[in-house]
Structures are given as structure tokens and as C-alpha cells.
1. Taking ILE176, is it buried (at least 21 other Cβ atoms within 10 Å of the Cβ), at pLDDT 85 or above and touching a Phe, Trp or Tyr at 6+ places or on another chain (Cβ under 9 Å)?
2. Could you list, in sequence order, the residues of region 183-200 that are assigned to a helix (DSSP H, G or I) and out of contact with any strand residue (DSSP E or B) (no Cβ under 9 Å at 6 or more places or on another chain)?
3. Anything in region 68-90 that is part of a helix (DSSP H, G or I) and within 19 Å of the chain's Cα centre (by Cα)? List them, or say none.
4. For region 7-16, indicate whether the set of residues that are in a loop (DSSP other than H, G, I, E, B) and either modelled with pLDDT of 75 or more or buried (at least 17 other Cβ atoms within 10 Å of the Cβ) (or both) is non-empty.
5. When region 102-115 is examined, which residues are found to be within 22 Å of the chain's Cα centre (by Cα) and over 20 Å from ALA422 (Cβ atoms)?
6. Name the residues in region 605-615 that are touching an Asp or Glu at 6+ places or on another chain (Cβ under 9 Å), open to solvent by less than 20 Å² (accessible area, probe 1.4 Å) and either assigned to a strand (DSSP E or B) or of a type in the set (A, V, I, L, M, F, W, C) (or both), would you?
7. Can you pull out the residues in region 379-417 that are over 23 Å from the mean Cα position of the chain (by Cα), modelled with pLDDT of 80 or more and of a type outside the set (S, T, N, Q)?
8. What is the residue count in region 474-509 for residues that are open to solvent by less than 10 Å² (accessible area, probe 1.4 Å) and farther than 15 Å from ALA424 by Cα?
Amino acid sequence: MDFFSAQEAARKQTTLMIALFALAVLLLVVLTNLFLMAAMAIAGAESDPGHLPGAETFMRQFSWLRFFAVGAAVAVVILLGSLFRSWTMGRGGKAVAEMMGGALVSQNSADPDHRRLLNIVEEIAIASGTQVPLVYVMQNEPAINAFAAGITSGDAAIVVTHGCLRQLNRNELQGIIAHEFSHILNGDMRLNMRLIGILFGILMLGLIGRFLIRASGSSRSSSKQGNGLPLIALGAGLFILGYAGTFIGNLIKASVSRQREYLADASAVQFTRDPDGIGGALIRIGANKNGSLLRNADAAEFSHTFFSEGVRNKFLSLLATHPPLKQRILRILPRWDGDFIVRETMLPEHSQQSSRQQSSKQQSASDVDRVRMATATTMLLELFQRIEKNSPPDAKTITYAADVVKSIPEAIIQHSRDPYGARAILFALLLDADDDAAAQQISALRKQAGNGVARLTQQLLPVIQRLLPQQRLAVIEMAVPALRELSARHFQLFTDTIDFLIRFDANITLFEWTLQKIVVCSLATDHKRGALQSDKSHLIEELLPECAILLSIIARSPRQDDVETGKAFHAAAKELKAEQLLLPASHEATVEALDGALVKLAQLRPLHKQRLLKACAVCVSADGRAAAVEVELLRAISLLLNCPMSPTDPTSSR
């Protein structure tokens with residue numbers, strides 16, 4: 001299943017899930033009314049000891065007004081509970097990682113296990129075209145498990161247990177990380193976060209019922225009248241209903257999760273082309289005395305997000321959020337003999353060496369910049385293939401991404417791992433190509449951000465200016481995790497400085513705007529501003545004016561000729577099946593207008609985003625050539641639309 005189809009399937013599955021939960025809520029409303037009627041009948045019996053409540057007394061308690069009032073109250077309780085839980089997870093994957101006891105792995109960590117983990121995450125992120133997520137380790141968990149959490153790829157976090165680092169070799173760890181990235185790409189991660197919020201809302205009924213039982217029990221013990229019996233009955237009813245509703249919700253959660261796990265396993269094999277990697281990790285779980293079970297008290301709530309079963313269930317077959325371990329292994333390794341035995345031939349020596357070092361034997365750094373331009377026909381076919389089959393990257397793409405990273409100067413790589421150095425790298429990317437103009441910007445930067453940052457920016461500038469287009473986007477992606485460690489005050493200063501630099505010459509280029517949007521949107525969840533929301537679901541026909549703004553800016557970016565610009569725009573409009581679309585005037589198609597357009601375009605349905613990106617690809621290559629800088633621009637736009645596109649090896653077009 002390709003990326004867009006998987007996203008669309010996840011969207012439909014979310015709709016089905018919400019419908020099922022709505023039915024569950026309706027059932028809870030009916031049953032809550034019945035318990036309330038029973039409580040009122042019991043209360044009437046207490047006031048008249050000689051009269052036992054019967055069916056007639058019970059039915060007299062019914063009232064449509066009360067029914068709808070109770071229904072509204074139940075819905076409000078569930079809604080408030082869901083909103084509260086969603087609010088506690090509002091910082092994205094970082095919040096969930098911290099709830100599960102995860103410790104952030106610093107980007108400049110020197111620990112060999114941490115470096116190996118960071119390298120794997122970085123390589124797969126760049127290969128899949130997503131932003132590099134934060135990485136956490138659950139230090140107190142000896143079992144083998146992992147999960148991905150977040151709302152979008154921009155606020156995602158990858159979390160692994162300490163057992164993963166200590167017990168898995170590089171191929172097995174890469175298999176698990178690839179599995180988690182497929183959850184990010186397929187839309188499972190967002191679906192999982194919504195499940196957590198809805199289930200907590202239903203559980204609120206049970207918590208309120210428990211409170212009423214305790215409150216009425218204490219009032220009865222301090223009162224001789226014993227008038228707390230109706231409250232106990234109502235509390236017991238809510239308690240039973242709340243936990244019964246949670247049980248039903250967990251059944252829905254488990255059934256949804258099990259099918260998505262098979263897809264993620266298959267995607268992980270497609271990522272790595274190494275079934276022994278993820279298969280070996282699953283065998284290790286079966287052979288390990290700790291298995292994949294977690295100690296954290298919150299593990300049950302997040303059980304459906306894990307790589308493997310994280311909690312032990314009494315009703316294992318019903319509530320299991322993952323398929324049986326043996327079934328998963330046999331789908332990946334059909335010739336597996338069924339024994340959970342770790343064999344030396346299957347488990348090579350634990351390697352701390354990154355694929356950046358390993359791939360140096362296979363391909364020299366010069367291969368990355370061997371071809372900067374491809375003919376329009378060949379490149380357009382390549383772009384269409386990337387967009388139409390935007391499935392998880394294969395081993396070849398991961399190798400290429402590792403080679404791109406390897407070709408980046410070591411000074412840039414080292415500084416990208418530190419918040420201070422990462423800021424200087426992005427500032428250097430925004431400096432003018434003209435030496436005199438760059439000198440003026442550095443002088444102004446000294447006053448805006450301080451002497452230290454300005455000095456480092458100036459030192460890195462010659463190296464930054466030699467970067468190829470495909471290296472520049474990789475550098476931006478690599479710098480984002482370090483920038484997410486900035487405090488609120490430093491984040492404000494950083495964004496103000498970026499805004500100052502791009503407006504310095506009163507001419508904001510598309511690259512400058514794109515860099516600013518990628519960085520600000522990536523950090524927005526941590527600092528509560530600037531995020532592109534994608535909760536709504538629009539058709540492309542509803543947003544044609546916004547499409548026109550985006551396509552016109554792409555058409556104008558590399559071209560000065562109005563005729564060529566018009567041809568590129570109308571070719572893109574034809575691909576969009578909107579031939580009636582008119583090219584906006586240059587004073588209308590500004591980056592400010594693009595800001596507003598992108599907010600709405602991010603809310604397109606997945607398959608409609610695919611149509612838009614194909615139109616962008618036509619626009620990029622309409623002049624008879626597709627430069628590497630234009631291809632990377634297309635990848636950046638796809639990243640902003642939250643539908644990342646894998647990098648294209650320019651040598652593969654020849």
C-alpha cells in the first residue's frame with residue numbers, strides 16, 4: 001500500500017472508529033438512564049419502607065427530558081475527558097515519551113549505543129523524507145520494545161527500551177525503527193493518539209462512579225439515616241458502565257491495532273530489504289526472559305502503540321493489540337522452525353558502526369554530486385513514481401540517504417547536533433551569495449544574536465555555500481532535533497533572527513520561505529505556535545485559489561520569462577484537472593499569500609494532496625529540465641504538506 005492510500009485508509013478507519021465509539025456512547029447513555037431510573041426507584045422505596053419498587057415504579061421514573069439531559073451529561077463527561085487527555089499530550093510525541101519514562105537522547109551524545117540509534121533514525125528519516133524525530137530511551141525497561149508517538153511527523157518521537165540497545169544488533173534495531181517509521185508514514189501514529197483520548201473519556205464515567213461510591217460510603221458511615229443508598233446505586237452503575245465501556249473500547253482498539261501491525265512489519269522489510277532484521281528482533285523477544293512486557297504503570301493505556309505486546313492481558317486473545325508473535329515471525333520468515341533460539345549465524349556481532357561509515361566502501365562521496373540535472377521527461381517520470389508510489393523507502397533509498405549524509409562535511413554534522421551550532425548552520429544557509437551583502441548580514445547578525453553565533457556563522461559560511469541542493473535539505477532535517485532543545489526564550493530569539501535575515505534584502509526567496517516554514521512548523525508543537533493543522537478534510541476543488549497561489553510561485557521561482565511561467569502554470573493546472581485556473585498576478589502571489597494558502601492546503605485529503613504534488617512536479621519540469629534545487633524544493637513542499645517524499649538519487653536517472 002502506498003503512502004497516500006495508507007493515509008486515506010487511516011482516515012477512513014478513523015471515521016469508522018469514531019462511529020463505533022459513538023454507538024458505544026449511545027449505549028452508555030441508555031444504560032446510564034436505566035441505572036438512574038433504578039436509583040430513583042430505590043430512593044422512592046426508602047421514603048416508603050412498606051412499598052417495594054416494581055416495574056411500574058421503575059417505568060414511572062422515565063422522562064424524555066431527563067433522558068436527553070443525562071445523554072448530554074454523559075457526552076460532556078466523555079468529551080471533557082478526551083479533551084483533557086488530548087491536552088496532556090498536546091506537545092506531541094515528546095509528552096507521551098516522558099509519560100512512559102523516556103529520557104531524551106542528546107544529538108551530540110558520545111555514547112556508542114546512543115550514536116548507533118541516532119544514526120539509524122537519522123538515515124531512515126532522510127530516506128523517507130520526514131523530519132528527523134526526537135529519540136528517547138526508557139532506561140528502566142530491560143524488555144525489548146519501542147513505539148512512535150505524535151500527531152504529525154513534525155512532532156513525532158521514537159522511543160526504545162534500554163533492552164533494545166543492549167540486546168539487539170544493528171540490523172535488528174534498524175528493523176524495529178523501520179517498523180515505527182511505517183506507523184508515522186501510514187497515519188497509524190495519529191490514529192493511536194486519538195484512540196488514547198477517546199478511551200480516557202469513556203473511562204471518566206467509571207472514575208466518577210468510583211468517586212460517588214466512596215463519597216456516599218463515607219456519608220453513610222457518618223449518618224444514621226442511611227440515605228446514601230441511591231447515590232451508591234448510581235455510583236455503582238457508572239462504575240460498571242465506565243469500565244464496561246472501556247472494555248468495549250479496548251476491543252475496538254485491539255482489532256484496529258492488530259491489522260496495522262502486519263502492515264508495519266511488511267513495510268519494515270520493504271524499508272531494509274532484510275527480513276532477518278525485524279524477524280530476528282521478534283525471535284529475540286520470544287527468547288528473552290523479559291520478552292516485550294513493560295514495567296511502566298501507564299503501559300496499558302499506550303499498549304496499542306508498542307512494537308510488541310507491552311502488557312499482559314487476562315483476555316489475551318480478545319484484547320491483544322498485536323498478532324501472536326509466532327504468526328508475525330512466520331509472515332516475515334516463512335522457513336522459521338518455530339524455536340525461539342538465538343543463533344550466532346543469525347545474530348552478527350554487535351556493531352556500533354553507522355551505515356555512514358559502512359557505505360563508504362560502496363560509494364564515494366563524489367557519487368552524490370555526479371549529476372545535478374536530468375532531462376525533463378526522465379525526471380518527471382521519476383517524480384511521478386515517487387509521488388504515486390510514495391511508500392516506505394527501500395534499502396537502496398536508505399543507502400542513498402546515508403551516502404548524502406556521509407558526503408556532508410564533518411564540521412556541519414558535528415555542529416548540527418548542538419542547538420548553538422544548529423542555529424549558526426541555518427543562519428549561514430540564509431546568508432546572501434554576494435560577499436558584500438553577506439558581510440552586511442553578519443554585521444547585523446552580530447547585533448541581533450550576539451558575537452559568538454555571528455562568528456560561528458561566518459566560519460561555517462564557506463562550507464555551507466559548497467553544499468549541493470540535496471545536502472541542504474538533509475542538513476535542515478538533521479538540525480531540527482537539536483533545535484527542539486531550545487528554551488522558549490532562545491526559540492523566540494532564533495525565530496526572530498530567521499525572520500530578520502530573510503527580510504534583510506526586502507526580497508524573500510522561495511528557499512528562504514521554505515526553510516523558515518520547515519523549522520518553525522517543526523518546532524511549533526514544542527512552543528505552541530505556527531503549526532500547520534490537518535484535522536479537517538478538504539477536496540482539492542474547494543481550494544483551487546490556494547492551489548493557484550502555490551503553483552504560480554513555483555512556476556515563477558526559476559523563471560524570468562512570463563511566457564515560460566505561463567506555460568508551466570497552465571501545464572500544472574491541466575494535471576490538476578483545473579484548466580480554468582488563472583495565473584495570479586505577481587503582486588497577488590506573495591509569500592504572505594502562500595502562508596495562508598498552505599494552512600488550508602495542509603487540510604486536503606491524502607489522495608488530493610497526491611494530485612496537488614503531481615501538479616507541482618509538472619510545474620517544476622515544464623521548462624524542459626528539472627534541476628536538483630527544484631526537486632528538493634518539491635520535497636520541501638511535500639514535507640510541509642505532511643506527506644513526505646523520499647529523496648531522488650540523481651545518478652539513477654541516467
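1. So ILE176 passes the test.
2. LEU185, ARG190, LEU191, ARG194, LEU195, ILE196, GLY197, ILE198, LEU199, PHE200 - these are the residues of region 183-200 that are assigned to a helix (DSSP H, G or I) and out of contact with any strand residue (DSSP E or B) (no Cβ under 9 Å at 6 or more places or on another chain).
3. Residues satisfying the conditions are ARG85, SER86, TRP87, THR88.
4. Within region 7-16, not a single residue is in a loop (DSSP other than H, G, I, E, B) and either modelled with pLDDT of 75 or more or buried (at least 17 other Cβ atoms within 10 Å of the Cβ) (or both).
5. Within region 102-115, GLY102, ALA103 meet the criteria.
6. ALA615
7. Matches in region 379-417: ASP403, VAL404, LYS406, ILE408, PRO409, GLU410, ALA411, ILE412, ILE413, HIS415.
8. So the answer is 1.
The values are calculated or read from the model by the stated rules, or taken from the named source; none is laboratory data. Quantities reported herein were computed from a predicted structural model and do not represent experimental measurements. Glycine gets a Cβ as well: all are built from the backbone with ideal geometry, and neighbour counts include every protein chain shown. The area values use the complete protein model at the heavy-atom level, side chains included, leaving out ligands, DNA and RNA. Shrake-Rupley method; radii C 1.70, N 1.55, O 1.52, S 1.80 Å.
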